[in-house]
Every structure is written in structure tokens, then in C-alpha cells.
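A quick write-up on the structure given underneath.
The values are calculated or read from the model by the stated rules, or taken from the named source; none is laboratory data. The model shown is predicted, which means the values in this text are computed figures rather than measured ones. When we count neighbours, we look across all protein chains shown, and the Cβ atoms used for this are built from the backbone with ideal geometry, even at glycine.
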Amino acid sequence: MRTIVHLSDLHFGRIDEALLEPVITTIAEIKPDVVVVSGDLTQRARSQQFKEARAFLDKLPSPQIIVPGNHDVPLHNVFARFVQPLDKYKEFITDDLEPFHADEEIAILGINTARSMTIKDGRVNEAQIAAIRERLCPFPDQTVKIIVTHHPFDLPEGHHERDLVDRAQKAMEAIAKCGADVLLAGHLHVSHTAHSSARYKIAGHNALVVSAGTATSTRGRGETNSFNVLRVKHPFINVERLSWQPERTAFITSSSEHFRHSPDGWTRVPDEMAADIVYRDENEAPPGSP
């Protein structure tokens with residue numbers, strides 16, 4: 001089994017300082033195999049904010065797959081925005097804009113969707129679509145293939161279509177050909193899990209689309225701070241959300257969803273069947289068991 005912690009929209013410069021240590025402590029207790037951060041590490045792409053984000057990341061386990069968000073591109077410095085849009089991100093966070101991690105169970109590819117020409121929107125370009133094919137297609141079906149972007153491929157109810165990553169349909173066609181299983185994103189500060197087949201009608205392909213809320217920002221947009229934990233053991237995936245509960249000063253499981261891979265893609269497992277899923281070794285209980 002592989003355990004992946006999925007954080008998003010940290011927004012250093014607009015954070016709740018009281019949440020930093022609980023996030024760090026909780027993740028240390030989880031002992032993830034990979035930590036994913038799907039963009040917006042800063043509020044205004046300033047050096048001090050990137051330094052604070054870097055210090056936070058250094059306290060989390062490795063390996064880490066990190067992609068920038070639209071807030072990591074300078075907004076008010078016009079020269080930097082159009083000539084050096086991600087220079088500070090590359091200086092303080094990582095110069096790898098297509099981070100990749102793979103082992104015998106999972107393959108995770110990060111894609112940068114942040115762009116200078118827009119304030120909020122993001123897109124996937126032709127070169128990135130080619131990178132998806134090159135990196136993920138060689139892996140067998142038993143390897144769970146995961147793509148990380150800041151801008152989402154699907155939306156919770158009530159959000160405008162413009163919040164989708166641009167060129168989503170074309171990218172999804174490439175993703176489907178490679179049998180990609182999970183799309184992780186952020187941007188909306190809202191937790192959300194959906195099936196790609198509801199929006200993208202691609203025969204034989206049904207990926208999980210998982211968005212994370214904001215882990216540390218005060219910009220909660222009506223939802224408490226949270227992050228995701230994915231437990232992956234093909235053909236099963238568990239998506240658990242840990243939400244901040246101030247009265248307990250802790251991140252507590254607020255939902256736990258189970259999915260199984262079938263010939264038609266990933267489908268939800270009814271709650272009454274979830275206890276029979278084996279994510280760990282045979283002698284260990286599945287997540288959420290007493």
C-alpha cells in the first residue's frame with residue numbers, strides 16, 4: 001500500500017499560524033510515502049512568503065511532488081509577472097516544474113498550470129500533454145497513475161466552468177489513453193471527489209478527480225481547513241479528508257470514501273462493503289476500522 005498526503009492552497013502570507021504545527025504533527029503521524037502540494041504556496045509570490053513556505057515544507061516528509069498555482073506568479077510586479085513569472089518559486093521551492101515520482105505501485109506526475117497571461121485561470125499546453133503520455137503511458141495497468149495540477153479538471157456544484165483548467169478535454173483524452181487513475185488539484189479551497197466520466201465521455205475511462213481544501217489559509221470560503229490522505233493498493237483507493245476541529249485542536253477524519261477499479265474505471269464502493277477491503281498487509285485492519 002502507498003499513502004499519499006495531498007495538501008493545497010497553503011497561501012503563506014494569509015495563513016492561520018495556529019494550524020502549522022498540527023498539520024506537521026498529523027502528517028508525521030500518518031507517515032506518508034509521498035507528500036503532494038497542488039499549488040498556491042504563497043498569497044502574493046513574495047520572497048518572504050516563499051521562504052516561509054520552504055521552511056514549512058522542510059518539516060514534512062519526502063519525497064514531495066509540488067506544483068505552483070496562480071498565486072505563485074507575481075501579480076503587481078508586471079515585469080516579473082511576464083518575464084520571470086516563476087523565478088522565486090524555482091529559487092525557494094523547486095526548479096522542477098514537472099516533478100515525478102514512481103515506484104512499483106504508484107506513478108505521480110506534476111503539471112504546472114499557472115500562467116502569466118491570466119490572473120486566475122490555468123491551462124495545460126501541448127508539451128505538457130506530450131509529457132503526460134511520455135511519463136505515464138509506459139506503466140502497466142496495475143500501477144496507479146496520478147496527475148497533480150493546481151487548476152481542477154472537475155468542479156463542485158455551484159462553481160463556474162471558467163474555473164476548470166483550460167484545454168481540459170484534450171488533456172483528458174491523453175490521460176485516458178495512458179489509463180491515468182487519479183487527478184489531484186486545488187484552487188477552489190473546497191474539498192471534492194468526483195468521477196471524470198460525469199464530465200468527460202471517454203469510452204472505458206473513469207478516473208477519480210480529487211480536490212483539496214486549503215490546509216493552512218484563512219481564506220476558507222466557507223469550508224474548514226482540511227487536507228486529503230489517499231491510501232492506494234490496486235485495485236482499491238481510499239480518499240480520507242482530515243478537517244480542522246478547533247474545539248479539539250486537531251485534524252480529524254471528516255469523510256472516508258472507498259473506490260475500486262473495474263473494467264469501466266474507478267467506481268465507488270458502498271460503505272457496507274468497505275470493511276472488507278484490504279489496504280495493508282493481511283493482518284492489519286483497513287483505514288477507518290476500530
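The set of residues in region 198-214 being touching a residue at least 24 places away in the same chain (Cβ under 8 Å), over 21 Å from I108 (Cα atoms) and small (G, A, S) consists of A198, G204. Give the residue, chosen from A207, A275, A250, A215, that is in contact with a Phe, Trp or Tyr (Cβ under 9 Å, 6 or more places away or on another chain) and surrounded by fewer than 17 Cβ atoms within 10 Å (Cβ to Cβ). Within the list A207, A275, A250, A215, the selection yields A250. Checking V209, V239 one by one, the residue that is closer than 14 Å to G265 by Cα, among the β-branched types (V, I, T), in a strand (DSSP E or B) and within 12 Å of the chain's Cα centre (by Cα) is V209 and no other. Only residues that are modelled with pLDDT under 90 and under 29 Å from G222 (Cα atoms) were counted in region 168-187, giving 1.
For region 215-229, state whether one or more residues are over 13 Å from the mean Cα position of the chain (by Cα) and farther than 30 Å from A18 by Cβ. So far as region 215-229 goes, no, none of its residues is over 13 Å from the mean Cα position of the chain (by Cα) and farther than 30 Å from A18 by Cβ.
Examine region 163-178 for a residue that is part of a strand (DSSP E or B), under 30 Å from F56 (Cβ atoms) and under 17 Å from the mean Cα position of the chain (by Cα), and state whether such a residue exists.
First, pick out the residues of region 163-178 that are part of a strand (DSSP E or B): 166.
Cutting the leftovers down to under 30 Å from F56 (Cβ atoms) gives us 166.
Now restrict to residues that are under 17 Å from the mean Cα position of the chain (by Cα): none.
So far as region 163-178 goes, no, none of its residues is part of a strand (DSSP E or B), under 30 Å from F56 (Cβ atoms) and under 17 Å from the mean Cα position of the chain (by Cα).
Among residues of region 177-191 that are acidic (D, E), those with a beta-carbon under 7 Å from a residue that is assigned to a loop (DSSP other than H, G, I, E, B) at least six positions away or on a different chain give the pairs D181/A207.
For A180, the criteria (1) surrounded by fewer than 24 Cβ atoms within 10 Å (Cβ to Cβ); (2) out of contact with any Asp or Glu (no Cβ under 7 Å at 6 or more places or on another chain) hold in every case but one, which is (1). Take the conditions hydroxyl-bearing (S, T, Y) and surrounded by 20 or more Cβ atoms within 10 Å (Cβ to Cβ) and apply them to S38. Does it pass? Considered against the rule, which asks whether it is hydroxyl-bearing (S, T, Y) and surrounded by 20 or more Cβ atoms within 10 Å (Cβ to Cβ), S38 comes out as yes.
Applying the set (1) touching a Ser or Thr at 6+ places or on another chain (Cβ under 6 Å); (2) charged (D, E, K, R); (3) under 21 Å from I146 (Cα atoms) to D72 leaves exactly one unmet item: (3).
Table: residues versus (1) closer than 22 Å to G122 by Cα; (2) surrounded by 15 or more Cβ atoms within 10 Å (Cβ to Cβ).
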site: R2; (1), (2): no, yes
site: S8; (1), (2): yes, yes
site: A28; (1), (2): no, no
site: S47; (1), (2): no, no
site: S62; (1), (2): no, no
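Evaluating E161 against the criteria (1) over 21 Å from L97 (Cα atoms); (2) in contact with a helix residue (DSSP H, G or I) (Cβ under 6 Å, 6 or more places away or on another chain); (3) of a type outside the set (F, W, Y) leaves one unmet condition, (2). Consider A174 carefully, then state whether it is closer than 14 Å to V209 by Cα and surrounded by 13 or more Cβ atoms within 10 Å (Cβ to Cβ). Judged against the criteria, A174 is not a match.
Residues in region 216-262 that are within 18 Å of I24 (Cβ to Cβ) and among the aromatic types (F, W, Y): F227, W244, F251.
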